[in-house]
Structure formats: structure tokens, C-alpha cells
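A short worksheet on the structure shown next.
The values are calculated or read from the model by the stated rules, or taken from the named source; none is laboratory data. As the structure is a prediction and not an experimental result, all values here were calculated from the model. Here the Cβ is made from the backbone with ideal geometry for all residues, glycine too, and neighbour counts use every protein chain on show. Note: areas computed on protein heavy atoms with side chains; ligands, DNA, RNA excluded. Shrake-Rupley method; radii C 1.70, N 1.55, O 1.52, S 1.80 Å.
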Amino acid sequence: MRKTISVLLAAVLALGLAVPAMAAVKPNKYSLPLEGTVLQNIADRNIKPLTPPERHPIIAGESPTTGLSWAGVYLPMLVQISVAEGSVKVNNKTVKAAGIGSRAPWGGAYADVVYEGILYRDGATRMSFLFSDSLDEGLPLSVGPVRSARIGHVLLREEWQSGIVYHGGPRKEENNIAAMFEDLGASDLGVLFNTQVPSWAAFAQRVKGLKGPDNLSADVVGLRNQIPTNYTAAPHAFLFADASPYTEGYDMAYNINLDWGHVKWVSHFVYDEAENLYFRYSGDAPFLSYASADDLTEENATWMSFANVIIQRVTYEYTNNSKIMPVMQSVGKGNADIFIGGRYIAGYWIRESIESPTVFYDNLGNELQFTRGKTYIAHLPPESLCTFTGME
């Protein structure tokens, strides 16, 4: 009799996935120079939280995801986004990196939270855009390029209790995305939008002029409207502060660098003090998001930027040692390297169960106080490389 996927997930997340003995896997090559403060394989800080890791209620008039003024209906949507290798000219030099040029996403300027995690063992990544604030205004008009889901994305949906848009996923034993959704009860809720299913064909289309498979666009607002009216998403509200408490005694962090293990997926975040935002680069190119599938012009693109940058250290296993089936273990606890307001906080994260939210804590054990605005969260393995430097 087949074990249920929920039991499997619990075992995987608690103990790690056992794989058969196979040939040793070559370690990834990290290309970032070891300059500034280097964060890699840091021992577990084991920070003791001063408050339990609970879901917070939504504050009237305040967005739970950005802390900005908001009066919408809380029903967020996750979308799986490709960040394939592209190229673009920067200062008369060709830059080849992930998610730029013709491979840049669209609709991402409206995402409240952007997640990034391992897709391939060698350090290639996939993003998840979480939309909430703009949806009741009918925005974004379209989002893409939509690609497939992995186990980590199933867990994100459970955390946010959101709708989720994805284009298929693995169907192999112990990695069957559809079976996991079914076993977790999500399949009966009307919140899953697999764009491979004919039922949702009217809400997804291929964009002419873009190379497949990274050319699928989705009507996220239209799909959200298909969720049954009796469905309610459990609130997942961050805590926000009008002025960051992380100033005196915290190291300055104006340049953040992430190396997942593949040179084309190295990214940088540069702090703009006037805007109080971190602007993201992919390689040496600004990481842009086009306005929509109907407007893939750079002149109307938005440079993706964030008020909060969080490097959540999580471990990965690979089903049957496959390089393309990562099992992200995001239930538990671990280090979080946090960057807010040009400062670095050596923090922590806790998630008690698949149904629980991930709660972040600062170095003192207080629940993290986010700056109002958008947030980027990297699900970065402990062995991957993060460095940062202060003001130059």
C-alpha cells in the first residue's frame, strides 16, 4: 500500500531523504570573490525566540505582505517563474546571466514577495512571485514566463494558503507534485491552476517572439477569480515598522552578493540610500520585469527592488540523487541572513509544520520588523555563498 505523500513529506522534512548509494556528486564551483563579510556554512545560531512563531491577524487598512495602505480581500496568488539564461548589452558589453534580456519576466513589478530557490543541483534557480496587494485592482495584466513546480513550491502554497499557478511538475515516484497536492488536501479547494490542464487554457497563452518553453503567460487575476467564493486563506501577516530598529550596532550592508553555485545565476543587491531599497542585478545587468506580455519593451520595464532582503538557509536533498528534483526542507529552523535599510541582521527562521508560516527573528530573538515595501527571500543552501560589504 502506497505511503501517503504527507507522511513522506513529514519524514523528508524531519530526517532528510535517504537516497541509494551512488557515485559522489561533484561540488558546485563558487565564483564570487571572497571579499567583505563572507557567510557560508555558518554554524546554527540557535536563536531562542521571545515570542512563538504564530500567524498574525491582518491589521485593518494595512497589507499583510507589504505593510502599505491596503483595503483588499486577502487571497494571495503564487506563480512559478522561469529565470533561464539570457543576454543583454550593458555599457557596450554583452552580459550573459539568468532572467535578463528576452528571458526577463513580466508582471513581476506587482509581486509583493519574490522567492528564489534551487531548481538544478548545479545552482540554476527558479522564482516564485507572490501577488496580493494589486490583485483587487486587476493587476498584473499578465505574468510569466510560467514554468513547473517542485516540492518547495508545494510547501510555499501550504504556508500562504494561496492560489498557485504552475505549468506541470514531476510525476515520478516520491516527487509527484499532483499527488502531493492531493494528499495535502489542496486539490479539493479549487486553488490549483496547472496550466497544462485544458480547463485553464483560456487563462494561459504562448507569447509570440519568445523562445519556448519560457514564453507562457498567465492571467493571474482571472485565475484568482475562479477560486470558490467560500475559500478563505489563513492570514500570514509580517510585522512592519515605520522606522527600522536595525541601525546602531548593526553592520552596514550596501552590496549583497549571492552565488548558488553557477556563475550565470550569481546575483547582486545594491542599496540605494535615497530610495531605502535594494536593487537587484543578475550578473552585471539590472534585473528588470517587463510591464506585461503585451509590452516587453525595456523602456516600460521596472527594475526589481526590495525593502527587505532575506537569505533563508535551507537544506536540499535530491530524490533518487536526481539533479533536477530538489527537495527543499523548509519546515524546521535555521539561520537567516537579513538585510534591511542598508544594515545586516544575523537572524533566524522557524516553521513548525507544513501548515505553519515561516517566522523570522532578529539577532535578539525578537520577531523581525520588516520595512514597509516588497521583500525578496532566497532559499539558499548553507554551502552556497553570500557576501556583503558596507558603503564604499
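Tabulated data for the structure shown
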{"read-out": "Shape box of the range 271-392 [Cα atoms, principal axes, largest first, Å]", "value": "43, 39, 30"}
{"read-out": "Shape call, the range 133-176: gyration tensor on alpha carbons, a/c limit 1.5", "value": "oblate"}
{"read-out": "Student exercise, the range 171-282 dipole from Lys, Arg, Asp, Glu Cβ charges, in Debye to nearest 20", "value": "780"}
{"read-out": "The range 217-323: C-alpha gyration tensor shape, a/c 1.5 cut-off, then a/b vs b/c", "value": "rounded"}
{"read-out": "Size of electric dipole in the chain: Cβ of Lys, Arg +1 and of Asp, Glu -1, about Cα centre, debye, nearest 20", "value": "1380"}
{"read-out": "Segment residue 231-residue 92, length gained on full extension (0.36 nm per residue, minus Cα span)", "value": "44.9 nm"}
{"read-out": "Under the Karplus curve 6.51 cos²θ - 1.76 cosθ + 1.60, θ = phi - 60°, whole-Hz ³J(HN,Hα) for the range 365-382, x wherever Gly or Pro sits", "value": "x, 7, 4, 4, 9, 6, 7, 4, x, 7, 10, 10, 10, 9, 8, 9, x, x"}
{"read-out": "The chain: radius of gyration and largest Cα-Cα distance (Dmax), Å", "value": "19.7, 61"}
{"read-out": "Projected label distance in nm at residue 366 and residue 263, using a 7 Å step from Cα toward the beta-carbon", "value": "4.4"}
{"read-out": "Shape category assigned to the range 197-260 from the gyration tensor of Cα positions, a/c cut at 1.5", "value": "oblate"}
{"read-out": "Principal semi-axes in Å for the range 120-207 [√(5λ), Cα gyration tensor, largest first]", "value": "21, 16, 14"}
{"read-out": "Approximate spin-label separation residue 41-residue 294, in nm, with each point projected 7 Å along Cα-to-Cβ", "value": "5.3"}
{"read-out": "Gain upon complete extension [residue 54, residue 197; 0.36 nm per residue less C-alpha separation]", "value": "47.9 nm"}
{"read-out": "Nearest-0.05 FRET efficiency for residue 69 and residue 31, computed from C-beta distance (R0 41 Å)", "value": "0.45"}
{"read-out": "Heavy-atom SASA rank of 317, 159, 35 (probe 1.4 Å, accessible area, largest first)", "value": "35, 317, 159"}
{"read-out": "Rounded to the nearest 10 Å², the accessible area of residue 58 at probe 1.4 Å", "value": "60"}
{"read-out": "Over 22 Å between alpha carbons, listed pairs 96/172; 29/172; 93/264", "value": "96/172; 29/172"}
{"read-out": "Volume per residue that the Cα convex hull of the range 181-231 spans, once the total is divided by residue count, Å³", "value": "88"}
{"read-out": "Computed accessible area, residue 287, all protein chains, 1.4 angstrom probe, square angstrom", "value": "0"}
